[in-house]
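Structure in structure tokens, see below.
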Amino acid sequence: MQEVKKPKKPLIYYYVIVLVVLMIFNFLLMPWAAEQRITEVGYDRFIEMTEEKDIGQVEINQEDNEIVFTDKEGSAIYKTGMVEDPDLTQRLYDSGAKFSGQILEQMSPILSILLSWILPVVIFIAIGQYMSRKLMKKAGGQNSMIFGTGRSNAKVYVKSSEGIKFTDVAGEDEAKESLAEIVDYLHNPGKYREVGAAVPKGILLVGPPGTGKTMLAKAVAGEANVPFFSMSGSEFVEMFVGMGASKVRDLFKQAKEKAPCIVFIDEIDAIGQKRDGRAGGNDEREQTLNQLLTEMDGFETNNGVIILAATNRPESLDPALTRPGRFDRRVPVELPDLKGREEILKVHAKKVKLDESVDFAGIARMASGASGAELANIINEAALRAVRENRRFVTQADLEESIEVVIAGYQKKNAILTDQEKKVVAYHEIGHALVAAKQSNSAPVQKITIVPRTSGALGYTMQVEEGNHYLMSQEELENKIATLTGGRAAEELVFNSASTGASNDIEQATKLARSMITRYGMSRDFDMVAMETVTNQYLGGDTSLSCSAETQTEIDRQVVELVKKQHEKASKILAENRTKLDELADYLYEKETITGEEFMQILNA
Ligand code: ADP
């Protein structure tokens, strides 16, 4: 599918090729051809020809002891060995032969010039070029820049966009709308030029990993039917300062030749990070970035080269890169919502055979928070499971199981829990589910299982959100914390002891409580002051504290207080429903996996 444009070969290749051809020609073909034309004859035949006066030119070659001669017309060359013959000169003179010293040389004056003059020069130049190149490579790219011969060996590929169209990218309607304008421009640039509208030179696609940024870029190229240059930011950064910059130059040169076209730079943060002038900064990266900035300024708008770049760390980009005139449009490519997830599942499900019972909406609801790439993976895992079980089509159960595989890993078949451990896990999970169900605002439980998974989870409670949630109230967040503490609360209530099984719950509850206090303004004392800022929005959402040490102490105190309060609430709910807790835990212990419906039936019985 790929049309690969080979990188330009250095000049040395051509020298070598010319040299080889010349050598073959000179040393092998020409002498061979000449040799072929000379007929060796006996001395008697030579005498005969002199007598017949059928001799043109004669060359007496004393050194090799031979006579080379031609016939009258000069059309054939003969050779004969010399014999002691005192009358030779007279005989030749009588036959009217012309004495000559260069029958063979005369055949190819060009050849002799080539051999004696041009060939040595060519060889010298070639060797010189080769050596200097070798030396420069050793000395590093910087030198080669100084000598002006630096050219990156950038492999710039012109890819066909693999026929990807907007319809292949499900959901992401806002992003598609924004990019449709670019497609329209590439189809019909005149329309824009007429009005004097400048289409953006660069478009930055930002969003979490696996949301289809690369796919969208390909789709733009596919829709517009133009070449698609693709390079990853990290491919620019080389060991030697200056190499990356020359790659950027090459890329843009090639792009301009192929315009209109799309240049796609993936993970642009690898070269586009803020130049903060810190000691030990990366010179190569900065040079590459500078070159990119220069190139982007260098070409005029409306010349048909559109640069798309993708990143999941937009906040780390250099402001010079994101200013108008460079990447002046930012297209967010977010995690898909419920409808988006369903559509993505449907797009990928086209490739597999499905049972009629499959309910995509249900699967989409279960896979809340999954990216497009994860959804594609879920479909594939389901198909693999169907094959493993010798079925010809994928069922709902396959899909549900594969969500769990993607979330929690495979079932651990040989993990053997002791009876007591299994009981603890059953109570732990029912604790979560019961607390969730008893708080009106918590999402209903979809499934509870105590089958160990390869991720290390000994069991889990899968909650499912009904519909989309964009906002969460303080109460909902508090309930969520209570649900997270529910597992431990049940263990305490029933076994009067704590286990290590709650570590993940504790982590999540703490994170949530901390965000409520430091970022969502949901504490008594701090009002609407941000104590933390998110530094990595799309990659896990790391935060950095921005407050005094005293405030930090106070924050810690409040976090503990908040979690403690919810923990107590959870304990209270469980204590009030102790009989149901026992009943449900026993049932789960027996069955190992129960659905939300079974759970609710027992709860409401
Ligand atoms: P990114 O560049 O955002 O990290 P990609 O574009 O490389 O993500 O997407 C990875 C894979 O995920 C794609 O090959 C595709 O199979 C799947 N995918 C992601 N988003 C979508 C979407 N919106 N529609 C269909 N498939 C998607």
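The values are calculated or read from the model by the stated rules, or taken from the named source; none is laboratory data. As the structure is a computational prediction, the values presented were derived from the model and not from experiment. Note: ideal-geometry Cβ built from the backbone for every residue, glycine included; neighbour counts use all protein chains shown.
When segment 478-502 is examined, which residues are found to be modelled with pLDDT of 90 or more and small (Gly, Ala, Ser)?
Ala482, Gly486, Gly487, Ala489, Ala490
Grab the helices (runs of 4 or more DSSP H) fully contained in segment 167-260, keeping just those with 3 or more residues being at pLDDT below 85, touching a Phe, Trp or Tyr at 6+ places or on another chain (Cβ under 9 Å) and over 26 Å from Ala349 (Cα atoms).
Where helices (runs of 4 or more DSSP H) fall fully within segment 167-260 and carry at least 3 residues being at pLDDT below 85, touching a Phe, Trp or Tyr at 6+ places or on another chain (Cβ under 9 Å) and over 26 Å from Ala349 (Cα atoms), they are 243-258.
Let's see how each residue does on (1) surrounded by fewer than 20 Cβ atoms within 10 Å (Cβ to Cβ); (2) out of contact with any helix residue (DSSP H, G or I) (no Cβ under 8 Å at 6 or more places or on another chain):
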{"residue": "Thr449", "(1), (2)": "no, no"}
{"residue": "Arg453", "(1), (2)": "yes, no"}
{"residue": "Gly456", "(1), (2)": "yes, yes"}
{"residue": "Glu476", "(1), (2)": "yes, yes"}
{"residue": "Lys480", "(1), (2)": "no, no"}
{"residue": "Thr485", "(1), (2)": "no, no"}
{"residue": "Thr500", "(1), (2)": "yes, yes"}
{"residue": "Asn504", "(1), (2)": "yes, yes"}
{"residue": "Ile517", "(1), (2)": "no, no"}
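Follow-up question, since we're still on this one. Only one residue in Ala373, Ala386 is crowded, with 19+ Cβ neighbours inside 10 Å and of a type in the set (A, V, I, L, M, F, W, C), so which one is that?
None of the other options fit; the residue is Ala386.
Kindly evaluate Ile555 against the criterion of being without any contact (Cβ under 8 Å) to a residue 60 or more places away in the chain and under 30 Å from Ile517 (Cβ atoms).
Yes: the conditions hold for Ile555.
Continuing with this model, one more query. Being touching an Asp or Glu at 6+ places or on another chain (Cβ under 6 Å) and in contact (Cβ under 8 Å) with a residue 24 or more places away in the chain narrows it down to one of Val241, Val206, so name that one.
None of the others qualify; the one that does is Val241.
Here's a follow-up. Of all residues in segment 261-271, which are more than 16 Å from the ligand (Cβ to nearest atom) and assigned to a helix (DSSP H, G or I)?
Listed by number, the list holds a single entry, Ile271.
May I ask you to list the residues in segment 434-470 that are modelled with pLDDT of 85 or more and outside any strand (DSSP E or B)?
Hits for segment 434-470 are Leu434, Val435, Ala436, Ala437, Lys438, Gln439, Ile450.
Yes/no matrix, rows are residues, columns are (1) within 14 Å of the ligand (Cβ to nearest atom); (2) assigned by TED's automatic domain parsing to the domain that holds Tyr470; (3) at pLDDT below 85:
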| residue | (1), (2), (3) |
| --- | --- |
| Asp297 | no, no, yes |
| Gly304 | no, no, yes |
| Leu308 | yes, no, no |
| Asn312 | yes, no, no |
| Phe327 | no, no, no |
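Would you be able to tell me the number of residues in segment 291-319 that are buried (at least 16 other Cβ atoms within 10 Å of the Cβ) and either free of Cβ contacts under 8 Å to residues at least 12 places away in the same chain or not in a loop (DSSP other than H, G, I, E, B) (or both)?
Number satisfying all stated conditions: 14.
If I filter segment 389-399 down to residues being surrounded by 21 or more Cβ atoms within 10 Å (Cβ to Cβ) and assigned to a helix (DSSP H, G or I), which single residue comes out as nearest to the ligand (Cβ to nearest atom)?
By that ranking, first place goes to Leu399.
Could you check Gly207 against (1) within 10 Å of the ligand (Cβ to nearest atom); (2) farther than 23 Å from Arg323 by Cα and say which number it fails?
In the conditions (1) within 10 Å of the ligand (Cβ to nearest atom); (2) farther than 23 Å from Arg323 by Cα, Gly207 misses (2) alone.
Here is a follow-up. When you go through (1) in contact with a Leu (Cβ under 9 Å, 6 or more places away or on another chain); (2) assigned to a helix (DSSP H, G or I) one by one for Ser523, which number turns out not to apply?
Status for Ser523: all satisfied but (2).
Specify which of the listed residues (Asp556, Asp505, Asp586) is closer than 30 Å to Glu334 by Cα and modelled with pLDDT under 95.
Exactly one of Asp556, Asp505, Asp586 is closer than 30 Å to Glu334 by Cα and modelled with pLDDT under 95, namely Asp505.
I'd like the full set of residues that are among the hydroxyl-bearing types (Ser, Thr, Tyr), assigned to a helix (DSSP H, G or I), touching a residue at least 24 places away in the same chain (Cβ under 8 Å) and within 17 Å of Thr449 (Cβ to Cβ), limited to segment 563-605.
Tyr589
When the residues of segment 58-92 are narrowed to those that are of a type in the set (S, T, N, Q) and in a strand (DSSP E or B), which ends up surrounded by the most Cβ atoms within 10 Å (Cβ to Cβ)?
Among them, the one singled out is Thr70.
Under 6 Å by Cβ, and 6 or more places apart or on different chains, what pairs join a residue from segment 399-413 that is within 17 Å of Gly369 (Cα to Cα) and aliphatic (A, V, I, L, M) with one that is in a helix (DSSP H, G or I) and at pLDDT 85 or above?
Leu399/Ile363; Leu399/Ala382; Ile403/Ile378; Val405/Glu381; Val406/Glu374; Val406/Asn377; Val406/Ile378
Another one. Output the residues belonging to segment 330-357 that are away from the ligand (no atom under 12 Å from the Cβ) and under 30 Å from Lys201 (Cβ atoms).
Answer for segment 330-357, where residues must be away from the ligand (no atom under 12 Å from the Cβ) and under 30 Å from Lys201 (Cβ atoms): just Arg330.
Just a yes or no: is a residue in segment 374-383 farther than 30 Å from Tyr470 by Cβ, modelled with pLDDT of 90 or more, within 16 Å of the ligand (Cβ to nearest atom) and part of a helix (DSSP H, G or I)?
yes
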